[in-house]
Amino acid sequence: MKRELVVVIDFGGQYNQLVARRVRECNVYCEIYSYKTPLKKILARKPKGIILTGGPNSVYEEDAATCGKELFETGIPVLGLCYGAQLMSHVLGGEVKRAKNREYGKTETIFDTKSPLFYGLPDKGIVWMSHFDYISRLAPGFRDVAHTASTPVAAAENEEKKLYAIQFHPEVLHTENGTRMLYNFVRGICGCSGDWKMDSFVETAIKDIRKKVGDGKVLCALSGGVDSSVAAVLLSRAVGKQLTCVFVDHGLLRKNEGDEVEAVFGPNGPYELNFIRVNAAKRYYGKLAGVEDPEEKRKIIGEEFIRIFEEEAKKIGTVDYLVQGTIYPDVVESGLGGESAVIKSHHNVGGLPDYVDFKEIIEPLRDLFKDEVRKAGLELGIPEYLVFRQPFPGPGLGIRIVGEVNADKVRIVQDADYIYREEIDKAVREYREACGKDPSWKPNQYFAALSNMRSVGVMGDERTYDYAVVLRAVNTIDFMTAEAADLPWEVLQKVMSRIINEVRGVNRVVYDLTSKPPGTIELE
């Protein structure tokens, strides 16, 4: 698909995905590359702009992540953020030093609104700072265009060479008008027209799939989640009956979910596609017996997915292509999209075996973030209740059960999760009926998981030694950062009471307050 491109060069910062996501909010397509990527390869993509991310190092350290001076001599506009700003100054002859005090958190900043970065913005506002080092001397040709009480260079520019540096993080929501600053860079300075839109993506993707597949047969890995569902409908629209969707019920789904998926995508559902359901719970439980490491569990689940698809493909004849619902955060978090370390292997990225018996794997959503997948789903006419259903990971409850997975643990977490979601949905519905709107505490994602902790309790005057269920609820916009939801105490108490009374094998319920980062949304 031909489209304008802005490249994010990752120096190991925690917000690399967030930078890319904010750029896409400006309707400009964006990809993440490691700072180790050869400049020649980046330039071959013909980017209209380049953004350098933050990073954990100091630019003057011997082994610090760095780049060559030639990056700033291409004529392509470059924006450095935090570490990227300091690196630009350091490479081009400025000076970066360790500050006496770290500047962290919300900070009032004064802007020069004559700078193209800050056109149309107030001359002061709150930004999110996070740095030990500071630019103590500007590189030749630069001028400062923003400052704080303790940071003389909060932003700088060399407008002639189209080089811009911002010490703070415009990509985080704590920075007022941060997205507008990025908009000024990609739409104003870089001259992007904003051709990244879901209607054009869907139309182009369908054409590209038809051209690639021809008269070949396609097998789609359908988990029933948002990503694979959108991928399935997209492929159905493109190739029709050439597509067979295989739904592997690995016994790690939410309660009743296998039957719900079949009701939607099966022969009595609204979509015209070939549907096969494989009930493989016993097979998965056998493979996972005794396995506690979360990475190993992901690998096993991914391996079995592929093997089952190969088996089903042989039953229906020659299959040329395998379709998966891989999305862009899967790629980046699996360590394939930038310099950042592997956070977790996703079953459809890092979990793939070395050998796959298909001509090619098609991943039509690989370039999309989660909210973009939902927009694509709406463009395809998928009902809202499917598009906005609770996210569910490909490995399913395998990564919502800490430690070894077995049928009894699956039963516990299925029942607990069902109660939790039922009570949250009920509380939200009652509030909406009473007030005409959703409560401010309504979380974007919520689920129950099973810890590997067993503790002593008392039930019916008898000693128990059972598991602790972990309740998780987060508020997030992009699922790359998240905060624990402030759920009403009475809702949590009701959930706790029902789980302990109704779910055999549980005598304790805890609520997870961890944000992302440092945690992830899932437990494993």
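The values are calculated or read from the model by the stated rules, or taken from the named source; none is laboratory data. Keep in mind that this is a model prediction, so the values were computed, not measured. Note that each Cβ is placed from the backbone with ideal geometry, even for glycine, and that neighbours are counted across all protein chains shown. Side chains included, ligands, DNA and RNA excluded: accessible areas come from the protein's heavy atoms. Shrake-Rupley method; radii C 1.70, N 1.55, O 1.52, S 1.80 Å.
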Segment 106-123 - phi-based ³J(HN,Hα) in whole Hz, Karplus 6.51/-1.76/1.60, Gly and Pro as x: 6, 9, 6, 10, 9, 10, 8, 6, 7, 5, x, 5, 10, 4, x, 9, x, 7
Per residue, the convex hull enclosing the Cα atoms of segment 32-93 spans a volume in Å³ of 84
Kindly provide the Kirkwood hydrodynamic radius of segment 371-421 in Å, to one decimal, from all pairs of distinct alpha carbon atoms. 12.9
Please report the relative contact order for segment 446-512, taking Cα pairs under 8 Å with a sequence separation of at least 6, and give it as a percent rounded to a whole number. 36
What is the dipole size for the chain, taken about its Cα centre, with +1 at each Lys and Arg Cβ and -1 at each Asp and Glu Cβ, in debye to the nearest 20? 740
Three principal axis extents, largest first, for the C-alpha atoms of segment 1-43, in Å? 27, 26, 11
Return one number: the angle in degrees, 0 to 90 and rounded to the nearest 10, between the long axis of the Cα atoms of helix 407-435 and the longest principal axis of the Cα atoms of the chain. 70
Selected from CYS26, LEU235, THR74, residue furthest toward positive end of dipole (the chain; charges at beta carbon): THR74
Working note, segment 386-524: Cα radius of gyration (Å, one decimal) and Dmax (Å, whole number) are 15.3, 47
Low-density loop trypsin sites (Lys or Arg not before Pro), segment 430-512, at most 12 other Cβ within 10 Å, DSSP non-H/G/I/E/B, are LYS437, ARG504
Relative contact order [Cα under 8 Å, 6+ residues apart], segment 220-280, whole percent: 37
Too long at a 31 Å Cα-Cα cut-off: which of LYS46/LYS207; LYS217/LYS299; LYS46/LYS370; LYS46/LYS516; LYS255/LYS442; LYS48/LYS114? LYS46/LYS516
For a quick check: with amide H placed at 1.01 Å from N, whose amide H comes under 5 Å from CYS245's, ignoring anything fewer than 5 positions away on the same chain? CYS220, ASN274, PHE275, ILE276
In whole Hz, what ³J(HN,Hα) sequence does segment 319-326 give by Karplus (6.51, -1.76, 1.60; θ = phi - 60°), x for Gly and Pro? 10, 8, 9, 10, 9, 10, x, 4
Using Cα-Cα distances under 8 Å and only pairs 6 or more residues apart, what relative contact order does segment 51-113 have, in percent? 36
Give me the percent of the accessible area of the chain that comes from carbon and sulfur atoms, probe 1.4 Å, all protein chains in place. 47
About the Cα centre of segment 480-524, what is the dipole size in debye to 20, counting +1 per Lys and Arg Cβ and -1 per Asp and Glu Cβ, all else neutral? 240
Kindly report the accessible area of segment 118-201 per residue (heavy atoms of protein chains, probe 1.4 Å, no ligands, DNA or RNA), in Å². 42
Taking only C-alpha positions in segment 176-223, Rg and Dmax in angstrom work out to 17.7, 52
Quick check: the angle from helix 16-25's long axis to the longest principal axis of the chain, C-alpha only, nearest 10 degrees? 90
Just to check I understand the Karplus step: with θ = phi - 60° and J = 6.51 cos²θ - 1.76 cosθ + 1.60, what whole-Hz values come out for segment 293-298, glycine and proline as x? 5, x, 5, 5, 4, 4
Measure of size requested: the Rg and Dmax of segment 211-294, with Cα atoms as the atom set and Å as the unit; please supply both. 14.5, 46
So the pair-distance distribution of segment 231-274, from every Cα-Cα distance in 5 Å bins, comes to percents of 5, 23, 28, 22, 14, 6, 1
Just reorder TYR134, TYR321, TYR60 by solvent-accessible area, largest first, 1.4 Å probe, all chains present. TYR60, TYR134, TYR321
Which value, in nm² and rounded to one decimal, describes the direction-averaged projected area of the C-alpha convex hull of segment 16-173? 9.0
Determine one quarter of the surface area of the Cα convex hull of segment 71-156, which equals its mean projected area, and express it in nm² to one decimal. 5.6
In the chain, taking the dipole from +1 charges on Lys and Arg beta carbons and -1 charges on Asp and Glu beta carbons about the Cα centre, the listed residue (PRO391, ALA482, TYR164) farthest towards the positive end is TYR164
Work out how far the C-alpha atoms of segment 446-524 reach from end to end along every principal axis, then list the three figures in whole Å, largest first. 46, 26, 14
Computed over the chain: longest principal axis from alpha-carbon atoms vs helix 370-379 long axis, angle to nearest 10 degrees, is 70
5 Å binning of all Cα-Cα separations within segment 122-171, expressed as whole percents from 0 upward: 5, 18, 33, 24, 15, 4
Thinking of segment 103-233 as a set of Cα atoms, what percent of all their pairs are more than 23 Å apart? 50
Rounded to the nearest whole Å³, what is the per residue volume of the convex hull around the Cα atoms of the chain? 175
When the convex hull of the Cα atoms of segment 164-307 is projected onto a plane and the area is averaged over all directions, what value comes out in nm²? 13.7
Computed magnitude of the charge dipole of segment 202-250 (debye, nearest 20; Cβ of K, R +1, Cβ of D, E -1): 260
For the chain, what does -39500 (n - 2.57) per DSSP helix run (n ≥ 4), summed and divided by total residues, give at 222 nm, in deg cm²/dmol to the nearest 500? -9500 deg cm²/dmol
